[in-house]
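Data first, discussion second: the structure below is written as structure tokens.
Bear in mind that the values in this text are calculations on the coordinates, not laboratory data. Everything numeric in this text was worked out from a predicted model, so none of it was measured. Positions of Cβ are backbone-derived with ideal geometry, glycine not excepted, and every protein chain shown enters the neighbour counts.
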Protein chains: 2
Amino acid sequence: QTEIIRHDFDLAAIYVSDAQYNRNIYFDTSPQAVSLYLLYNHWLPRVLVYFFILVDMSLAVFEEPAVLPLPTWATMLVELLCLLVFTVRLVHYAKVIPRDKFWKDPKNICIICIVLTLIDMIIYGALTATNCYALRWSRVLRPLLLVNVTEGRQLRRAFRSIRNALPEIFYVFLLFMFSVLIFSLMALKLLGKRGLKTMDGSPYFTNYLEIVFDLYVLVTTANSPDVMMPAYNASFIFTLFFILYIFINTYIFMSAFLAVVFNNYKKYLKEEVRQLVRAKRHKMVRAFAVLQERREEGGELVVTQANWNQLVRLVQPDISNAHRELLWSVCDDKNQGFIGKLAFVQLADLLNIEVITLKSRPHPLQSICPTLYLSAPSRLLCRLVQHRGFTIMYDVIILANAVFIGLDEENPMISNSEWVFLFLYLLEILLKLYVFEPRSFFSKHSFWNWFDTIIVVSALIATIINSALKSVGGYTSRQILDIVFILRVLRLIRVVDSIGRFRTIINTLIRIGPAILTFGQLILVVYYIFAMVGMELFKEKVKFYDEDSNDPAKAYCGNPLLKGTTFAQLNYCKNNFNNVMSSFILLVELTVVNQCNGFATVTHVSARIFFHVVMVIFVSFVLEAFYVEYSVDKGDLQTSLERKIEELELAVAQWYRTVDAFLQRMFEADLDPEDLAENDDAEAQTNFANPSFSSV
Amino acid sequence: QTEIIRHDFDLAAIYVSDAQYNRNIYFDTSPQAVSLYLLYNHWLPRVLVYFFILVDMSLAVFEEPAVLPLPTWATMLVELLCLLVFTVRLVHYAKVIPRDKFWKDPKNICIICIVLTLIDMIIYGALTATNCYALRWSRVLRPLLLVNVTEGRQLRRAFRSIRNALPEIFYVFLLFMFSVLIFSLMALKLLGKRGLKTMDGSPYFTNYLEIVFDLYVLVTTANSPDVMMPAYNASFIFTLFFILYIFINTYIFMSAFLAVVFNNYKKYLKEEVRQLVRAKRHKMVRAFAVLQERREEGGELVVTQANWNQLVRLVQPDISNAHRELLWSVCDDKNQGFIGKLAFVQLADLLNIEVITLKSRPHPLQSICPTLYLSAPSRLLCRLVQHRGFTIMYDVIILANAVFIGLDEENPMISNSEWVFLFLYLLEILLKLYVFEPRSFFSKHSFWNWFDTIIVVSALIATIINSALKSVGGYTSRQILDIVFILRVLRLIRVVDSIGRFRTIINTLIRIGPAILTFGQLILVVYYIFAMVGMELFKEKVKFYDEDSNDPAKAYCGNPLLKGTTFAQLNYCKNNFNNVMSSFILLVELTVVNQCNGFATVTHVSARIFFHVVMVIFVSFVLEAFYVEYSVDKGDLQTSLERKIEELELAVAQWYRTVDAFLQRMFEADLDPEDLAENDDAEAQTNFANPSFSSV
């Protein structure tokens, strides 16, 4: 029987927490490397790295073409600092993992990025010093850091799934393009020779490539029905052609496209999740191998309760003794004092389960002043507040408030009513605090209580500041007023919580939040790269002139090419690539499809392709990936969770059964008094919240 | 033991074919009713009813406001005839089913429709005779006949599924509307007081209802980015508001909406399919009950082979003896000469399976002139044609043809090349006919062979007519030329068949055809109703003037309200409700989302609502229902089919095993010589095609 030393516990604890948080780093098991690895996984360096990535990416705001210009040396200094931080992190990483693994790790794209950025900075510095034209091309690489940093696992997984799904999608796209080409040829032959004219008098459907482009845009319905009006005016028979085209290419092909994207993305994501589960099991087996001992000759290998306790304390130092005891009783259901491999492996999943203990604690006022709190009027008040009518009354108040907000606030009666509503909302919160125990009222899972209190208190503060400013100088700050307005409107959202059906939908939406966040990062990476490329290609091609500018160039956004176009007519001048803010807004607009024709006229035919690549990628990304994420959340993950929960079902049943026995034992045994205080109520209920989705 | 008489066989045959085609009519079992029922299910009356429904609906083309005007008495006479046909059909139906069932049948909405139409016609006739204003309101009811006619089962099922899914969808929609209202209120407060102006100088975001409408349209992205440009020009901070709005309402809510529609529609459709399967089983059990006999005292009830044979011959008179014998050997796998209830029930599914027998029949030329056909050069030719290079060569020719089509056909070289290509295509077909057996070349499942031959032969005929006309009078008919062009382009599609991946996608698309057809009917019903209502409300509000008209009203489509609007500027005058053709085209355009603002300015605010109801219903219908149909086709139906196929798997295995034994028996027994000829080849392979999807 080997003795288990401190280092072994550390090692096992790392394996377990790696399994718990789905980390996949193959680290060196020497004592130094292990303590370095513990430091590597500490939240502070991780947050720091993310912070510096953010700083690095937001440098685009200050660099040429800048929103807020800073001297070049300043931005370069900050960038150097960022690169230094990344390098330190990478060196740390290199110390943690075995030398031979380091060079094979795909995350080392980071190293290439850093080196390339350094080279680019040197070249740029030299060129600008000699007043030559210089290009900061390495800015495109910045978002790659976000993907390839150690913590970007989920993002990499999403990218990998998309990449793997691409070939299948490509075939549908090819067939779709073939269909567009055939239809264009038919349009050329049918309509090209009829001498029709478009609105602006140019010949209609005579150039094959332009037909292809027009029909391609028609698929997105952006130029419908303009593109078919000349043909329709000639004869309604021709509309049949367009209707058939839209039916086949917009509906049939897009549906096929969607279905293929959907199925493939799902397939590969499923595969990724499967690998994840396998890796997790593997790590738990290794942790077991470290702590295992043989109780009798030829018997099975087990982990004793003492070792297990020490391990859990290392993995999760803030776990309460009661919680830990509960976990143990789930694992060791036969109460043997040791567990085998099978029971040990589920520990990572058990630790991921949030245990909420609902306790009916007495109200603090009751302890302070029991006679008053338990008097008849006080109890009547409690009953009133807990009554359904109270909620309904406040829903009516909220609706009345909505009407008052909609009315003109210049009217003194209306603006004074705001104080009444504020008072009513404050009264509600105070009443609730009087009735309900404050700690459970402000518990971690009472989203709406927090929401309410924060909104109402901020609204109160902002309103007071606003009226103070007004009464002092007769001056109203526009910014504070805006905040007051927003807070007032936000208060109304609370009404949603009163209707059960709405609550269900909102809760579903909140639960898919983490999945959306991953997707948001993905979008950020793509937007950033496109914004950088777009800025270099198109900056200053379209200029925005102020409202009161008298420059004649204002009518055509400073670009003679735009004279008389709808782009200029509709005053789209601010939709340009002149700085990173405008670029992002423009990319969002392009994602939302419409009016791309206006942009395309500005530059070159190649720009059309660029914009349409952006458009197609984004539209498919947003729509499909969203749909997929949603379904993954409801389907894949749910089934994998369901499986997990099913596995745990038995354990949970035992858990409930052992709670009584456990509590009894606790009263008898000499346990930590704080733990006892946390569980001194026989009504303690143990609930399972959903394991956090963010883990997968 | 009861004797089975002729009537019993008829009855059982009806039950079986009802189960086979999923008919759900509860008919009277008396001999007269049964023979009437057989007549009722005959294809001729069914086709006739559909024909007259079509005639009835297409009357809208000839009625005021007409595309092709006909006198009122003529259209009314035709409509009377249609009503007569429907009445006869209903009377027939009343004779078939028991009196007490007749009045409870929901299909009797037809009766109400007919009566209402008659009343409307009388009122209309009277009013027009006295020159009063009259409205043909009953035209809205016409498409209801299409839904409620006995054969509209699938359509009713689709409608029912949508109706059942509505309540759940409604809650998401409510929440969505709540979100739009809240955002509008915020926009009013934030932007209303800043004195911003829209492009045409009107105040921006000052009227709450207009904001709601604008933001509602923004969800469809139809007015993006126009609606946010004034705010964006003021400060880019405001774009955050719009981006957040689009993110929440377009992406999050639309995804939730889609997911809910999808899940609910699927759930109810699944339920419908489940009921269908139950009803089918029930009918087969009744058929069994009619034919059952007890072979020995206390033994199980069975159907003998003789009775079974007679039944199958009644159900499917054109079935070959060989096919019937195969079916029997699947059912009676133990070769007992009788089958029990379980084996009998699967008959309906077995009859739905298409059996394709691939036979390597010798080429007719081989029998006529064997020495020539089997000579060395002839065999070399066969090998050449069957070689992969032959296909590749023709793919290259098709691509070359595509290039030639794209070039200017005024060039005599190009127009003469058409003859060369026609000759090459004809040669290909002739060569293939020389090599492959003509009957298998033109078999039912060789879609591309049929496609090729028809296209090439029609192109040949059209080209010959065209050049004949040209050489005779130097005159080219535009219509014939159009047909020639279309045929030429269609020929190019053939290239798709050469690429395996494309073939798979196309085959999938073809297979979902029947589901799309059901959906097409559904759309037709909704379009028709909206077209009728739209025509009554909006006819002649927008007028179209010919190209060479000099009427000053042409600039504003004959409606002073449209002066200076983009609707008139973009020359959308032909998008109106002036006749049924324009209405349909306009509705299709509205389905395809864009440019609805233009239309809305024409009439009244109420029209906005109308158009948006149309839009939302259609967009959701088309997108979701399509997606659903597609997924149903790939998911639900596939699983239900897979289950079916799984059930049959065992049977099929036996089938294959019994084929040999069966063929052997056949050679020995004295069977129909034609059947023998059909199966005289030991290489006969039995393939299962997919059971037709239209059955569910």
Sparse-neighbourhood loop hits (chymotrypsin sites (Phe, Trp or Tyr not before Pro), the stretch A:99-179; DSSP loop; Cβ within 10 Å at most 14 others) -> A:103, A:133
Approximate spin-label separation residue B:81-residue A:400, in nm, with each point projected 7 Å along Cα-to-Cβ
6.9
Three principal axis extents, largest first, for the C-alpha atoms of the stretch A:463-576, in Å?
57, 49, 24
For the stretch A:479-493, 3J(HN,Hα) per residue [Karplus equation, 6.51 cos²θ - 1.76 cosθ + 1.60, θ = phi - 60°, Hz, x = Gly/Pro]
4, 5, 4, 4, 4, 4, 4, 4, 5, 4, 5, 4, 4, 5, 4
Inter-label distance for residue A:460 and residue B:408, nm, one decimal - labels placed 7 Å from Cα along Cα-to-Cβ:
8.2
In the structure displayed, which of A:197/A:574; A:197/B:554; A:197/B:539; B:104/B:283 lie more than 23 Å apart, Cα to Cα?
A:197/A:574; A:197/B:539
Two-decimal log10 I(q)/I(0) for the stretch A:95-147, as the Debye equation yields it once each C-alpha is a single scatterer, q = 0.18, 0.26 Å⁻¹
-0.66, -0.96
Convert each backbone phi in the stretch A:397-402 into a coupling constant with the Karplus relation 6.51 cos²θ - 1.76 cosθ + 1.60 (shift: θ = phi - 60°), then list the ³J(HN,Hα) values in order as whole Hz, x for Gly and Pro.
4, 4, 5, 4, 4, 4
Below 8 Å, C-alpha to C-alpha, sequence gap of six or more: please give me the relative contact order for the stretch A:142-221 in percent.
21
So residue B:278 and residue B:47, fully extended at 0.36 nm per residue minus their Cα-Cα distance, gain in nm 80.3 nm
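Find, to one decimal place in angstroms, the Kirkwood hydrodynamic radius of the stretch B:325-463, where the mean of 1/r is taken over every pair of different Cα atoms and then inverted.
Values: mean 1/r = 0.0518 Å⁻¹.
It is 19.3 Å.
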Orientation-averaged projected area, Cα convex hull of the stretch A:177-245 (nm²):
4.1
If you wrap a convex hull around the C-alpha atoms of the stretch B:26-149 and split its volume per residue, what is the figure in Å³?
106
Taking only Cα atoms of the stretch B:1-97, what ratio of Rg to Rh do you get with Rh as the Kirkwood inverse-distance radius?
1.19
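Could you compute how fast the stretch A:158-276 diffuses translationally, taking Rh as the Kirkwood radius over C-alpha pairs and applying Stokes-Einstein at 10 °C with viscosity 1.306 mPa s? Give it in µm² per second.
Values: Rh = 16.0 Å.
Estimated via Stokes-Einstein, D reaches 99 µm²/s.
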Estimated vicinal HN-Hα couplings, Hz - the stretch A:241-252 in sequence order (Karplus 6.51, -1.76, 1.60; Gly, Pro = x)
4, 5, 5, 4, 4, 4, 4, 5, 8, 7, 8, 5
Note on the stretch B:428-477: C-alpha Rg/Rh, Kirkwood Rh, two decimals, gives 1.20
Quick one: give the max-minus-min coordinate of the C-alpha atoms of the stretch B:272-383 along each principal axis, largest first, in Å.
71, 39, 23
About its Cα centre, the stretch A:26-149 carries a charge dipole, from +1 on Lys and Arg Cβ atoms and -1 on Asp and Glu Cβ atoms, whose size in debye to the nearest 20 is 340
Once residue B:550 and residue B:170 are pulled to full extension, the length gained, defined as 0.36 nm per residue separation minus their Cα-Cα distance, is 131.8 nm
Which shape class applies to the stretch A:417-525: rounded if a/c is under 1.5, otherwise prolate when a/b exceeds b/c and oblate if not, where a ≥ b ≥ c are the square roots of the Cα gyration tensor eigenvalues?
oblate
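Under a Cβ-only charge scheme (Lys and Arg +1, Asp and Glu -1), can you give me the dipole magnitude of the stretch B:365-510 about the Cα centre, in debye to the nearest 20?
Numbers: 13 positive and 10 negative charges, 112 e Å.
The dipole of the stretch B:365-510 has a size of about 540 debye.
Mind sorting A:563, B:432 by how few other Cβ atoms lie within 10 Å of their own Cβ, fewest first? The partial results should precede the final answer.
Working: A:563 11, B:432 17.
Ascending number of Cβ neighbours within 10 Å: A:563, B:432.
Using 0.36 nm per residue of separation minus the Cα-Cα distance, give me the extension gain between residue A:420 and residue A:54 in nm, one decimal. Provide the component values of the computation, followed by the final result.
Values: separation 366, 0.36 × 366 = 131.76 nm, distance 4.34 nm.
Net length gain for the segment: 127.4 nm.
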